[in-house]
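A short worksheet on the structure shown next.
The values are calculated or read from the model by the stated rules, or taken from the named source; none is laboratory data. This is a predicted model, so every value here is computed, not measured. Ideal geometry is used to build each Cβ from the backbone, glycine not excepted, and the neighbour counts take in all protein chains shown. Each accessible area value is taken on the protein alone, full model and side chains, heavy atoms only, with ligands, DNA and RNA left out. Shrake-Rupley method; radii C 1.70, N 1.55, O 1.52, S 1.80 Å.
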Amino acid sequence: MKKIYSVLVENRSGVLCKVAGLFSRRSYNIDSLAVGETDDPAVSCMTIVSSGDERTIEQIEKQLNKKLDVIKVKTFDETASVSRELMLIKVKYNKGNRRDIMETCEIMKADIVDMSKNLMIIQICDVPEKTALMIKMLQSISVVEVARTGTLALPKCMETEG
């Protein structure tokens, strides 16, 4: 079972280390981790994706709530959220495969953001499954380098929310 944790924390040095240490000490796996400031520069939001059985998922939330630097913890399932991941992928190309790469980008709604004589950087922002598929589709071409953010997610909008 996968769970997404949206953790508001105080924006101070060492907080990320403390949260990561919590996962490490208890042997919980972090599938994805993204951290950034919120609209308040004193507060950061950590989006953590982790998996485990129901007991593990409950324990992670309880342990996060015990941390002094943690302001608020929200958890939600992938189905109850909108999630995105940004990926940059550098590929080597030639006249023979350039058209195929461009068609793949068009199909996957990815953009070519930089190019040289034989290299291009492609950007895709989509659900994690689509970014993984993009890598798979370009694997037969010479993939030089890949950089991915962690998953970012927010709970879906509900009509009762203001």
For region 78-162: accessible area per residue (Å², 1.4 Å): 68
Length gained when the stretch SER27-ASP40 is fully extended (0.36 nm per residue, less Cα-Cα span): 1.5 nm
With r as the distance between the Cβ atoms of ARG12 and SER140 and R0 = 30 Å, compute the FRET efficiency 1/(1 + (r/R0)^6) and round to 0.05. 0.05
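Would you kindly calculate the mean projected area, averaged across all directions, of the convex hull enclosing the Cα atoms of the chain, in square nanometres? Present the calculation step by step, with values, prior to reporting the outcome.
Details: hull surface 48.2 nm².
Taking a quarter of the hull surface, the average projection is 12.1 nm².
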Could you count how many Lys pairs in region 53-134 have their Cα atoms under 28 Å apart, skipping same-chain pairs fewer than 8 positions apart? 16
Run the simple label-point estimate for LEU119 and LYS156 please: 7 Å along Cα→C-beta, distance reported in nm. 4.1
Taking amide hydrogens as modeled 1.01 Å from N in the peptide plane, which residues meet the under 5 Å criterion relative to ILE112, leaving out close sequence neighbours? GLN123
What is the mean projected area of the alpha carbon convex hull for region 43-128, to one decimal in square nanometres? 8.5
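What part of the accessible area of the chain, given as a whole %, is carbon or sulfur when the probe is 1.4 angstrom?
Numbers: 5180 of 10090 Å².
The value for the chain is 51 percent carbon and sulfur by accessible area.
Using unit Cβ charges (K, R positive; D, E negative) and no other charged atoms, how large, in debye to the nearest 20, is the dipole of region 1-145 about its Cα centre? Write down the numbers at each step before the final one.
Working: 22 positive and 21 negative charges, 89 e Å.
Roughly 420 debye for region 1-145.
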Connecting every pair of Cα atoms under 10 Å apart in the chain and solving the GNM, the largest mean-square fluctuation among LYS95, LYS136, LYS72 falls on LYS95
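Order the peptides 103-109, 84-90 from the highest to the lowest mean number of other Cβ atoms within 10 Å of their residues. Write out the running numbers ahead of the final one.
Numbers: 103-109: 13.4, 84-90: 18.0.
Packing proxy ranking, top to bottom: 84-90, 103-109.
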